[in-house]
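Undergrad: I have a structure here, written as structure tokens, and I will follow up with some questions on it.
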Amino acid sequence: MAAALQVLPCLLRAPSRPFLWGPPVARMTSGMALAEQARQLFESAVGAVQPGPMLQRALSLDPSGRQLKVRDRSFQLRENLYLVGFGKAVLGMAAAAEELLGQHLVQGVISVPKGIRAAMEHAGKQEMLLKPHSHIQVFEGAENNLPDRDALRAALAIQQLAEGLTADDLLLVLISGGGSALLPSPIPPVTLEEKQTLTKLLAARGATIQELNTIRKALSQLKGGGLAQAAYPAQVISLILSDVIGDPLDVIASGPTVASAHSVQDCLHILNRHGLRAALPRSVKTVLSRADSDPRGPHTCGHVLNVIIGSNSLALAEAQRQAEVLGYRAMVLSTAMQGDVKNVAQFYGLLARVAAAHLTSSMAGHPLEEEAKLHQLAAELQLPDLQLEEALEAVAKAKGPVCLLAGGEPTVQLQGSGKGGRNQELALYVGTELGRQPLGPIDVLFLSGGTDGQDGPTKVAGAWVMSDLVSQASAEGLDIAAFLSHNDSYTFFSRLRGGTHLLHTGLTGTNVMDVHLLIFHPL
């Protein structure tokens, strides 16, 4: 397999919309004003990973307009270009691609979330919409990020287009977060319903996205390099907006243009770990047994160029830059926050108490014990890029407000029938952690938001909390523990202070996992 090329573009300019809060951070004391700044920092992170500008930075035409350049590679264009795409950011990517390459584009098919065109139009984001008489056919599906019949029809149309290509053709593949749900094509005799049920069971038991994608690939005609194989012998350029920790090409959208390195034994190990192997339908067992004895061996994707054009680290870098402009001592803590939301929340709670003690010069006795617990928990979370020592050193040297940033995708183990998402649930857990003991003369705010603007099956991106969350909830008769026990964080935040703690952005047209902000403002 040809070596995959991973490329990150330069940072986008800051959002042009003026800040709303007025006074600089050093003079701010209002909790709501602090929350508004956090919202603006989150929006700057999302603004840095808008799909159109990133795609335009990755692609260029030579002066003759007959040669497409993708970084250091060139491809001949002679009205031989085809386009397919799937994911939450693909509508904007496709619009940008057609704007640049339309004269060479013969046909295109994209699979995007249900309702996204209407949402983009309502939000006035014309740059993310295809022009009238576009050559690109749009399918909407995968409501609530779950594969459905509409997404299946889109996948079949994409497969049909790819299978009709020749060696003279060039296929541009656009991929972003949410792509797995938007490209369901189960291997017969597995049905969409069977595959969907298995995926739901795994997710409910806390399976990681890597585990989910390993199973999806094993049961899919297009994932795990299947789309690349369908397009052979055409050349394939795959432009990818990463929504996976570490940006592994074979995991993003389950790697439709990357040969799978996983075996049947890997799948069985995952199913055993989550106690599901005995409950597998006969069709799944049949497909896994066939794969184990496939005489063709593993697929290869030597005719594919994979390019990452944006990721969570890009979003965090822009938010960090904006925070520094506002007077914060800002630092990216990690781009790989993962694990159960309870453990991640405990980590943030300990970090807040230790950092607050550093900022208020009260590092004696008990705070030192908490710092030891913080390091122990950090080791248990196994975050590959965690900058904990550097962050604590930065906090200790800070003379004013501090903003610690992180990104990633924690997981939620479903145990109730409530409504919410991982960002709202994480914020609610962090709020309880912040209220465990006084933090001293300091305001502490935590925000968690999904860069796609949709947290689980809700129409909000996430939520923010401060250390007075527990007392606020008690004053309004809201039992936090009861809401958490039912995974009902959205209902909780909707009722708390009329929903003012919810993060409303609408669908953003992009997706690079989540952004976490932990802000400290000495009083």
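The values are calculated or read from the model by the stated rules, or taken from the named source; none is laboratory data. Keep in mind that what you see is a predicted model, and the values were worked out from it rather than measured. We place every Cβ from the backbone using ideal geometry, glycine too, and count neighbours over all the protein chains shown. For the accessible areas, the whole protein counts, side chains as well, though only heavy atoms, and no ligand, DNA or RNA atoms are used. Shrake-Rupley method; radii C 1.70, N 1.55, O 1.52, S 1.80 Å.
Undergrad: Assess whether THR199 counts as being open to solvent by 20 Å² or more (accessible area, probe 1.4 Å), assigned to a helix (DSSP H, G or I) and within 17 Å of ALA253 (Cα to Cα).
TA: Numbers: open to solvent by 20 Å² or more (accessible area, probe 1.4 Å): yes; assigned to a helix (DSSP H, G or I): yes; within 17 Å of ALA253 (Cα to Cα): yes.
Considered against the rule, which asks whether it is open to solvent by 20 Å² or more (accessible area, probe 1.4 Å), assigned to a helix (DSSP H, G or I) and within 17 Å of ALA253 (Cα to Cα), THR199 comes out as yes.
Undergrad: Report whether or not SER474 is in a helix (DSSP H, G or I), among the small types (Gly, Ala, Ser) and surrounded by fewer than 19 Cβ atoms within 10 Å (Cβ to Cβ). Steps first, please.
TA: Working: in a helix (DSSP H, G or I): yes; among the small types (Gly, Ala, Ser): yes; surrounded by fewer than 19 Cβ atoms within 10 Å (Cβ to Cβ): yes.
So SER474 fits the description; yes.
Undergrad: Can you tell me which residue among THR491, THR432, THR411 is open to solvent by 10 Å² or more (accessible area, probe 1.4 Å) and modelled with pLDDT under 95?
TA: Working: THR491 fails: modelled with pLDDT under 95; THR432 fails: modelled with pLDDT under 95.
Exactly one residue qualifies, and that residue is THR411.
Undergrad: Evaluate the following for LEU507: is it hydrophobic (A, V, I, L, M, F, W, C), more than 25 Å from LEU314 (Cα to Cα) and touching a Pro at 6+ places or on another chain (Cβ under 8 Å)? Spell out the reasoning first.
TA: Values: hydrophobic (A, V, I, L, M, F, W, C): yes; more than 25 Å from LEU314 (Cα to Cα): no; touching a Pro at 6+ places or on another chain (Cβ under 8 Å): yes.
Criteria not met by LEU507.
Undergrad: While we're on this one: Going by what's in this entry, would VAL258 be described as in a strand (DSSP E or B), in contact with a strand residue (DSSP E or B) (Cβ under 9 Å, 6 or more places away or on another chain) and of a type outside the set (Ser, Thr, Tyr)? Working first, answer last.
TA: Working: in a strand (DSSP E or B): no; in contact with a strand residue (DSSP E or B) (Cβ under 9 Å, 6 or more places away or on another chain): yes; of a type outside the set (Ser, Thr, Tyr): yes.
No.
Undergrad: So if I check each of PRO189, PRO184, which one is part of a loop (DSSP other than H, G, I, E, B) and open to solvent by 20 Å² or more (accessible area, probe 1.4 Å)? I'd like the intermediate steps shown before the answer.
TA: Details: PRO184 fails: open to solvent by 20 Å² or more (accessible area, probe 1.4 Å).
Selected residue: PRO189, the only one of PRO189, PRO184 that is part of a loop (DSSP other than H, G, I, E, B) and open to solvent by 20 Å² or more (accessible area, probe 1.4 Å).
Undergrad: Still on this structure, please answer the following. Scan (1) outside any helix (DSSP H, G or I); (2) of a type outside the set (Gly, Ala, Ser); (3) farther than 17 Å from HIS501 by Cα; (4) open to solvent by less than 10 Å² (accessible area, probe 1.4 Å) for the single condition LEU445 breaks and write down its number.
TA: Tallying (1) outside any helix (DSSP H, G or I); (2) of a type outside the set (Gly, Ala, Ser); (3) farther than 17 Å from HIS501 by Cα; (4) open to solvent by less than 10 Å² (accessible area, probe 1.4 Å), LEU445 fails exactly one: (3).
Undergrad: Output the number of residues of the range 414-429 satisfying the condition of being crowded, with 18+ Cβ neighbours inside 10 Å, among the polar types (S, T, N, Q) and part of a loop (DSSP other than H, G, I, E, B). Break it down into steps so the answer makes sense when it comes.
TA: To start, the set of residues in the range 414-429 that are crowded, with 18+ Cβ neighbours inside 10 Å comprises 418, 420-429.
After this cut, where a residue has to be among the polar types (S, T, N, Q) as well, the list is 423-424.
Next cut, part of a loop (DSSP other than H, G, I, E, B) only: none.
So the count comes out to 0.
Rundown of residues vs (1) within 28 Å of the chain's Cα centre (by Cα); (2) closer than 19 Å to GLY506 by Cβ; (3) open to solvent by less than 20 Å² (accessible area, probe 1.4 Å); (4) at pLDDT 95 or above, yes/no style:
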| site | (1), (2), (3), (4) |
| --- | --- |
| SER60 | yes, no, no, no |
| ALA95 | yes, yes, yes, yes |
| GLN103 | no, no, no, no |
| GLY108 | yes, no, yes, yes |
| ALA119 | yes, yes, no, no |
| HIS122 | yes, yes, no, no |
| LEU146 | yes, no, no, no |
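Undergrad: Please enumerate the residues belonging to the range 210-249 that are assigned to a strand (DSSP E or B) and either of a type in the set (D, E, K, R) or open to solvent by 20 Å² or more (accessible area, probe 1.4 Å) (or both). Break it down into steps so the answer makes sense when it comes.
TA: Of the range 210-249, the ones assigned to a strand (DSSP E or B) are 220, 235-241.
GLN235, the sole residue that qualifies.
Undergrad: Under 6 Å between Cβ atoms, which residue pairs at least 6 apart in sequence (or on different chains) link something in the range 210-226 that is farther than 12 Å from ILE187 by Cα with a partner that is among the acidic types (Asp, Glu) and open to solvent by 10 Å² or more (accessible area, probe 1.4 Å)?
TA: THR214/ASP266
Undergrad: Is it the case that GLY206 is surrounded by fewer than 17 Cβ atoms within 10 Å (Cβ to Cβ) and assigned to a loop (DSSP other than H, G, I, E, B)? Don't jump to the end; show me each part of the working.
TA: Details: surrounded by fewer than 17 Cβ atoms within 10 Å (Cβ to Cβ): yes; assigned to a loop (DSSP other than H, G, I, E, B): yes.
Yes.
Undergrad: Would it be correct to say that GLN160 is in a strand (DSSP E or B), without any contact (Cβ under 8 Å) to a residue 40 or more places away in the chain, open to solvent by 20 Å² or more (accessible area, probe 1.4 Å) and farther than 18 Å from PRO53 by Cα? Let's see the steps before the verdict.
TA: On the way: in a strand (DSSP E or B): no; without any contact (Cβ under 8 Å) to a residue 40 or more places away in the chain: yes; open to solvent by 20 Å² or more (accessible area, probe 1.4 Å): yes; farther than 18 Å from PRO53 by Cα: yes.
So GLN160 does not fit the description; no.
Undergrad: Got a sec? Which of GLN346, GLN320 is touching a strand residue (DSSP E or B) at 6+ places or on another chain (Cβ under 6 Å), in a helix (DSSP H, G or I) and open to solvent by 10 Å² or more (accessible area, probe 1.4 Å)? If you could, list the steps in order and put the result at the bottom.
TA: Working: GLN346 fails: touching a strand residue (DSSP E or B) at 6+ places or on another chain (Cβ under 6 Å).
After applying the criteria, what remains is GLN320.
Undergrad: Turning to a different aspect of this structure: Could you please find all residues in the range 395-408 being closer than 16 Å to ALA35 by Cα and either within 23 Å of the chain's Cα centre (by Cα) or open to solvent by less than 10 Å² (accessible area, probe 1.4 Å) (or both)?
TA: Here is the first cut: in the range 395-408, the residues closer than 16 Å to ALA35 by Cα are 401-405.
Selection gives VAL402, CYS403, LEU404, LEU405.
Undergrad: While we're on this one: For ALA167, indicate whether it is surrounded by fewer than 19 Cβ atoms within 10 Å (Cβ to Cβ) and closer than 30 Å to LEU333 by Cα. Before you say what the answer is, go through the steps one by one.
TA: Details: surrounded by fewer than 19 Cβ atoms within 10 Å (Cβ to Cβ): yes; closer than 30 Å to LEU333 by Cα: no.
No: the conditions fail for ALA167.
Undergrad: Checking LEU276 against (1) open to solvent by 10 Å² or more (accessible area, probe 1.4 Å); (2) farther than 20 Å from LYS88 by Cβ, which single condition isn't satisfied?
TA: It is condition (1) that LEU276 fails.
Undergrad: So, GLN137, is that one open to solvent by 30 Å² or more (accessible area, probe 1.4 Å), over 19 Å from ILE240 (Cα atoms) and touching a strand residue (DSSP E or B) at 6+ places or on another chain (Cβ under 8 Å) or not?
TA: Values: open to solvent by 30 Å² or more (accessible area, probe 1.4 Å): yes; over 19 Å from ILE240 (Cα atoms): yes; touching a strand residue (DSSP E or B) at 6+ places or on another chain (Cβ under 8 Å): yes.
Answer is yes for this residue.
Undergrad: Can you find even one residue in the range 251-264 that is surrounded by fewer than 23 Cβ atoms within 10 Å (Cβ to Cβ) and either at pLDDT 95 or above or of a type in the set (Lys, Arg) (or both)?
TA: no
Undergrad: Strands (runs of 3 or more DSSP E) wholly in the range 65-140 with at least 1 residues that are in contact (Cβ under 8 Å) with a residue 12 or more places away in the chain, within 22 Å of GLU163 (Cα to Cα) and β-branched (Val, Ile, Thr) - which ones? Walk me through it before giving the result.
TA: Numbers: elements: 67-70, 73-76, 81-86, 105-113.
Qualifying strands (runs of 3 or more DSSP E): 81-86, 105-113.
Undergrad: Looking for whichever is farther than 23 Å from ALA155 by Cα and in contact with a helix residue (DSSP H, G or I) (Cβ under 7 Å, 6 or more places away or on another chain) here; the options are LEU100, LEU105, LEU129, LEU91. Which one fits?
TA: Working: LEU105 fails: farther than 23 Å from ALA155 by Cα; LEU129 fails: farther than 23 Å from ALA155 by Cα; LEU91 fails: farther than 23 Å from ALA155 by Cα.
It is LEU100.
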